Amino acid sequence: MTNSEISNEPTDKPASDNNSLDKPASDSEPPDKPTPGLNFRSRLRARLQLIGGALASIAAIGAIAGGLVGYWSVWKTLRTDVFQEKQQTQREATARPDIIPRLSLVVLPFANFNNDPEQDYFADGITADLTTDLAQMPGAFVIGRGTAFTYKNKQIDFRTLGKDLGIRWAIQGAVRRNGDQIRVNVSLTDVASGRDIWSDRFDGDRTNVAALQDQITVRLARSLNIELIQAESRRSEMDRSKNPDAMDFTMRGWAKIYEPRSKTTIGQVKELFDNALRLDPDYVDAMIGKASCLTPPLNLLSGWSASVAEDNKTATNLVDRALSKSPANALAYVVKGETLRFGNPEEALRQYDAALEINPNFPSAYAGKGSALILAGRAREALSVTQLALRLSPRDPAAVAWRWTLCHAHLHLHDFQEAIEECRRTINMNSIYWFAHISLVSAYGATGQLEQAQLSLTELNKIRPDFTIQWYREFGYALSSNPQFRREIDDILDGLRKGGAREQ
């Protein structure tokens, strides 16, 4: 699975104002429709104060207790001896979108031939795992799962698909499950002509789905004339459970995590991963899955967590265990980055880079890195990596957050016109993504466009009527102690003042 899916919802969403720190938010309010209230600022301030200083210390304790020195040493050996510099294809495809990489492809959602919607998770799981495997092929440019799944159950015009995504190949398939027996049909299509150049059928059983996926990956690679390195093309045997029911719970969990987010959905996801871990406590995919539900980017502002700091401690312990067992697991490094991004962005960057060394086609690793670069006072560097995320998964459910990261980076750099353009694009994607309205007020205020600033402030106040400059300062300062980042936040606050925002 990929982690673009972990960050599918915009990360900066407010907690419900009716919730205290000791009580999670009501599930009746979706996170992107905040309920105004008098106590929002004080409650969020308290939550930020509670976790702000704790995140770095939790990470340090987890590193020692989880044996991170050991797995990091293994990782350094792997990246030196096995994995080559593989991000050149992605950079070139982003810098020159008119040139389509030779090995550019998308894995379209496999059809479920069981005529039972309850079995969709199984076909989705095979699709997502195959995407992950192919993304690690040398020289490959693989569209992210978040974008690929927007084509689920839709008629595909392959030439249009190729132009929209900037790719040469599409992989399609279908899964039929009869008891423990599985049949997978796969085809490779040249999108320019719409013709299949290869197709095959694979039979296996539920107890050995991973071996079936390996067969598909190897045969696809041969069809594309790629020589696979075993360490790159196949996940460690330790990643896989020998308990088919644990695998089943985990596949269900990963399928559900991509559904529209709510407190109920996330609770169901955690329960599925917990069920898997009860059956197989060492199942790496289940550990990573549960950890992904407990990180601050998801929990900080959603209000779904009773204790963001405690949840992050649990996530850190889980992902450290996963990495000690599977030190070349890209998704685990991304989740590790998520546990560190708020409070320790420099260390988070090292985790995202480790993920991208393994899988250079990981959209949310680029997106997380872009956000961490801003928090580390390196906003200019955030632009290119965030653009890479959008190139790899332009229709990703998280693309609105990634687009806002571009807006925010330009604002930090005083590139006000570019910031305004990117924020407008963000709002066109999601009109209630309120952080984009904040950025617009600041950019318009800084450039003296006071009428436009007032219009943006009116829209912001409709969504977040209790917004103040004081709240935004406390929020920003709690995310990072980096001096350059804080200086840039102060400049943004000055733009908000000029734009007419209330001080407190």
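The values are calculated or read from the model by the stated rules, or taken from the named source; none is laboratory data. Being a predicted model, the structure only gives us computed values, none of them experimental. Here the Cβ positions follow ideal geometry from the backbone for every residue, glycine too, while neighbour counts run over all protein chains shown. Protein only, heavy atoms only, side chains kept; ligands, DNA and RNA dropped before computing areas. Shrake-Rupley method; radii C 1.70, N 1.55, O 1.52, S 1.80 Å.
Some notes on this structure:
- Fully extended contour minus Cα-Cα distance, from Asp157 to Asp98, at 0.36 nm per residue: 19.3 nm
- Greater than 31 Å apart at Cα, pairs in Lys163/Lys242; Lys263/Lys369; Lys263/Lys498; Lys163/Lys325; Lys163/Lys369: Lys163/Lys242; Lys263/Lys498; Lys163/Lys325
- Inter-part distance where the range 341-364 and the range 465-504 are each reduced to a Cα centre, Å: 26 Å
- Measuring with a 1.4 angstrom probe and ignoring ligands and nucleic acids, Val385 comes out at about 20 Å² accessible.
- The range 270-379: C-alpha gyration tensor shape, a/c 1.5 cut-off, then a/b vs b/c: oblate
- A cut-off of 5 Å between modelled amide H atoms, ignoring neighbours fewer than 5 places along the same chain, links Trp198 with Leu188.
- For the range 317-435, relative contact order (Cα pairs under 8 Å, six or more residues apart, normalised by length) works out to 16 percent.
- For the range 122-232, Kirkwood radius (reciprocal of mean inverse C-alpha pair distance, Å): 14.7 Å
- Cα gyration tensor shape for the range 367-420, rounded if a/c is under 1.5, else prolate or oblate: oblate
- In the range 137-228, the trypsin sites (Lys or Arg not before Pro) that fall in loop regions by DSSP, at most 15 other Cβ within 10 Å: Lys152, Lys154
- Per-residue ³J(HN,Hα) for the range 388-399, Karplus 6.51 cos²θ - 1.76 cosθ + 1.60, θ = phi - 60°, Hz, x for Gly and Pro: 4, 4, 6, 5, 6, 8, x, 10, 4, x, 8, 4
- In sequence order, calculated HN-Hα J values of the range 256-261 (Karplus, 6.51, -1.76, 1.60; Hz; x Gly/Pro): 6, 5, 8, 6, x, 6
- The Cα center of the range 117-194 and the Cα center of the range 267-336 differ in position by 26 Å.
- The accessible area of His408, taken with all protein chains in place and a 1.4 Å probe, comes to roughly 20 Å².
- Residues whose amide H falls under 5 Å from that of Trp304, counting only those 5 or more places apart or on a different chain, are Ala25, with hydrogens built in the peptide plane.
- In the range 78-179, GluC sites (Glu not before Pro) in a DSSP loop with at most 15 other beta-carbon atoms within 10 Å: Glu85
- For Phe141, the residues whose modelled amide H falls within less than 5 Å of its own, excluding neighbours fewer than 5 places apart on the same chain, are Leu103, Ser104, Leu105.
- Gain in span if fully extended, Arg487 to Gln454, counting 0.36 nm per residue against the direct Cα distance: 9.4 nm
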